[in-house]
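Each remark here refers to the structure printed beneath this line.
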Amino acid sequence: MPMADNKKRRRKEPTGDELPFKNSLKSDSDILKTLKDFSTASASSSSAAQTLTLQDLPLPFRCREVADLSLSSVQSNIESLILRIAHSILSGHGFSFDVPSRSAANQLYVPELDRIVLKDKSSLRPFANISTVRKSAITSRILQLIHQLCIKGIHVTKRDLFYTDVKLFQDQIQSDAVLDDVSCMLGCTRSSLNVVAAEKGVVVGRLIFSDNGDMIDCTKMGMGGKAIPPNIDRVGDMQSDALFILLVEKDAAYMRLAEDRFYNRFPCIIVTAKGQPDVSTRLFLRKMKTELKLPVLALVDSDPYGLKILSVYGCGSKNMSYDSANLTTPDIKWLGVRPSDLDKYKIPEQCRLPMTEQDIKTGKDLLEEDFVKKNPGWVEELSLMVKTKQKAEIQALSTFGFQYLSEVYLPLKLQQKDWL
């Protein structure tokens, strides 16, 4: 008897046509036709869109932007800077670095460009001042190390850089921050300094590209995919028959889609930075968008941080606003998981999470951001999230079965063109 009771109590997994909304799906060929029309329209608008630059806009203030520079130019800029400092010391004025301010007050969202830019304000970092002496020493050391890299023509990771002088740097956060300052001071992208972050992002699906001369086919990389190269300058010759790029916030959803070979059913390229976007993944995404002229659809958690991550890819991060022209991918569509999806797809209460006070504050702060205000759909969804005080991860969809994401949710989203 007890055995029989256990059987009765056991939750029955939904299968086949029992999966919620599975019977709403049209045939794959119908969905593919919708996607082809969307992809063609997106490519046409990309070709027609004139790429605005800061110089095209009559802004009432100056902005600071960096450019890709050759190693010889970076070396020359460092040497010119050091000569100016030597001249200052010899003339009895001591030395200080003129460092661009990267504070929030010196940043601005420009709607015409749809990205955050850095204004031209800077501050002095004198050596002969007790509050800035250590940071001045770190800045000098970073400049010296970058100069060595220019002479040797080699790449190192940010971690390598930190370990060259642990006692001075104390914490990698400090050396990383000064590295961004140096990049800004020299007027070059961080990639131009030959300092890269460790590989983090991965890509799988309908993409072939050359990596340092080797041809990589991302359909033959297994479910793990191909690690995105840390230095984008070695990537070239991108080819694809995909209809869109699917940008995924987390590794778990990426693995599900890769293992189910979602990219074969609906031709696409799937990319993730496994959480917070790193520079290499942002550069790689922009390169794909620019060269292949494919629309980008984003799949993120239904919480304020999911939208924050999406906005970093689209409009840029405040930390690296000086390089937003190279790091941002315009016109990314928010596919899901959106707050309205929780009721629409009947996500059970036990799969929804209560938002913390910090979550609610982050959500309200985002509602005040200009890059959110410009999109009424985003405002509506974010307002709903803050009002219901509920959030959910992409994995909440697994309540209907582990393959619900790839079998029903995404195909239905694509069929309905349900993105913002």
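Recomputing Cα extents along the principal axes in Å from the coordinates shown identifies the correct label among (1) 64, 52, 47; (2) 92, 50, 48; (3) 138, 51, 46 as (2).
Computed over the stretch 88-174, the Cα gyration tensor eigenvalues convert (square root of 5λ each) into semi-axes of 26, 21, 14 Å, ordered from largest to smallest. In the stretch 229-337, a dipole from Cβ-located charges (positive for Lys and Arg, negative for Asp and Glu) runs towards its positive end, and of M238, L292, Q276 it is L292 whose Cα lies farthest in that direction. Toward the positive end of the charge dipole of the stretch 107-231, with +1 on the Cβ of Lys and Arg and -1 on the Cβ of Asp and Glu, the farthest Cα among I208, L149, A227 is that of L149. At each listed q (0.15, 0.17, 0.26 Å⁻¹), what is the log10 of I(q)/I(0) that the Debye formula gives for the stretch 196-259 modelled as equal alpha-carbon point scatterers? Debye output, listed in q order: -0.47, -0.60, -1.29.
Quick check for you: which residues of the stretch 94-127 have the amide N under 11 Å from the point 7 Å beyond the Cα of T53 toward its beta carbon? Residues passing the 11 Å test: none. Size descriptor for the stretch 40-194, Kirkwood hydrodynamic radius: 17.5 Å (Cα pairs only, one decimal).
Quote to one decimal, in nm, the extra length available between A198 and K417 on full extension: 0.36 nm per residue of separation minus the C-alpha distance between them. Provide the component values of the computation, followed by the final result.
Values: separation 219, 0.36 × 219 = 78.84 nm, distance 3.60 nm.
My answer for the length gained is 75.2 nm.
If contacts are Cα pairs under 8 angstrom and at least 6 residues apart, what is the relative contact order of the chain in percent? So the answer I get is 17 percent. From its DSSP helices (H runs of at least four residues, each -39,500 (n - 2.57)), the chain gives a residue-normalised ellipticity at 222 nm of -12500 deg cm²/dmol. Rounded to the nearest percent, how much of the accessible area of the chain (1.4 Å probe, protein heavy atoms only) is carbon and sulfur? Here it works out to 53 percent. Here the simple spin-label model places points 7 Å from the Cα toward Cβ, and for A104 and D30 these points are separated by 4.8 nm.
Which parts of the stretch 290-317 would a label at F61 reach, counting a residue when its backbone N lies under 17 Å from a point 7 Å out along Cα-to-Cβ? In the stretch 290-317, the label zone of F61 (backbone N under 17 Å from the point 7 Å along Cα→Cβ) covers no residue.
Relative to the Cα centre, the charge distribution of the stretch 180-238, modelled as +1 at Lys and Arg Cβ and -1 at Asp and Glu Cβ, gives a dipole magnitude of about 220 debye.
Highest mean first, how do 252-263, 130-141, 316-327 rank when packing is the count of other Cβ atoms within 10 Å averaged over residues? Intermediate values should be presented prior to the final figure.
Numbers: 252-263: 20.1, 130-141: 15.8, 316-327: 22.9.
Per-residue Cβ counts within 10 Å, averaged per peptide and sorted highest first, yield 316-327, 252-263, 130-141.
For the stretch 262-420, what is the charge dipole size about the Cα centre, in debye to the nearest 20, if Lys and Arg each add +1 at the Cβ and Asp and Glu each add -1 at the Cβ?
Details: 23 positive and 20 negative charges, 70 e Å.
Here the stretch 262-420 has a charge dipole of around 340 debye.
Note on the stretch 285-412: dipole from Cβ charges, positive end direction compared against Y313, T329, L410; the farthest Cα belongs to T329. Placing a pseudo-label 7 Å from each Cα along the Cα-to-Cβ vector at R265 and N231 gives an inter-label distance of 4.0 nm. The charge dipole of the chain, taken about its Cα centre with unit charges on the Cβ of Lys, Arg, Asp and Glu (plus for the first two, minus for the last two), comes to roughly 660 debye.
The values are calculated or read from the model by the stated rules, or taken from the named source; none is laboratory data. Quantities reported herein were computed from a predicted structural model and do not represent experimental measurements. All Cβ positions, even for glycine, are placed from backbone atoms using ideal geometry, and neighbour counts span all protein chains on display. All accessible areas refer to the heavy atoms of the entire protein, side chains included, with ligands and DNA or RNA removed. Shrake-Rupley method; radii C 1.70, N 1.55, O 1.52, S 1.80 Å.
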